[in-house]
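Remarks on the structure that follows.
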Amino acid sequence: MADDTEHFLAFVKDQKKILYKVAYAYCRNAEDRRDLIQEMLVALWQSFGRFDGRCQPSTWTYRVAMNVAISFYRHEGRRRRDTVSLDEFGLDFAAADEVFAQTGDNMRVLRALIDRLDELNRALILMFLDGFSYEEIADVVGITATNVSTRLSRIKQKLQREFGAA
């Protein structure tokens, strides 16, 4: 059990940027982000033993994190009663908050525009901006790669129009 825990903690350390990105994409305030990341960690831990390595760890982490975030976003009023101390995972929320706060005006505008997208489109553009292939994105969100391509094209056009108007 101790080896499983150590392995999981090392895994989370490698994947924590994904958790931060997803949390920032779906939650406006710091407490909600902390709650969401806690929910993501619980889901990752519960399914960690079933991760079989058929996809990249980052793809699997995105899949779990996105599913939790979308569910969390849809059911903000419902909160999990069981809690886990986030200190054990070595997550540095202050550093993540600082990185996101230091972005330039263009990034703040872009982030605000992305925030206005629905859950699926937000997930698509977030993974696209993180360098995932259409196939990997399709695998995570459960649609075809062709559908990912079409949706991303429309999202990019929409963001370009809205960014120009901002």
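Bear in mind that the values in this text are calculations on the coordinates, not laboratory data. What you see is a predicted model, and the numbers here were worked out from it, not measured in a lab. In this analysis, Cβ positions are derived from the backbone assuming ideal geometry, glycine residues included, and neighbour counts consider all displayed protein chains.
Counting neighbouring beta carbons within 10 Å and listing from fewest to most, the residues Trp45, Trp60 come out as Trp45, Trp60.
Using a simple spin-label model with pseudo-atoms 7 Å out from Cα toward Cβ, Gln157 and Ser47 lie 3.2 nm apart. Spin-label model, Ser149 to Tyr73: label points 7 Å out along the Cα-to-beta-carbon direction sit 2.5 nm apart. For Asp4 and Leu129, a Förster radius of 35 Å and the Cβ-Cβ distance give a FRET efficiency of 0.60, rounded to the nearest 0.05.
Footprinting exposure proxy ranking of Tyr20, Tyr73, Tyr62, fewest other C-beta atoms within 10 angstrom first, gives Tyr73, Tyr20, Tyr62.
Which of Asp4, Asp139 has the fewest other C-beta atoms within 10 Å, and how do the rest follow up to the most?
Neighbour counts put them in this order, fewest first: Asp4, Asp139.
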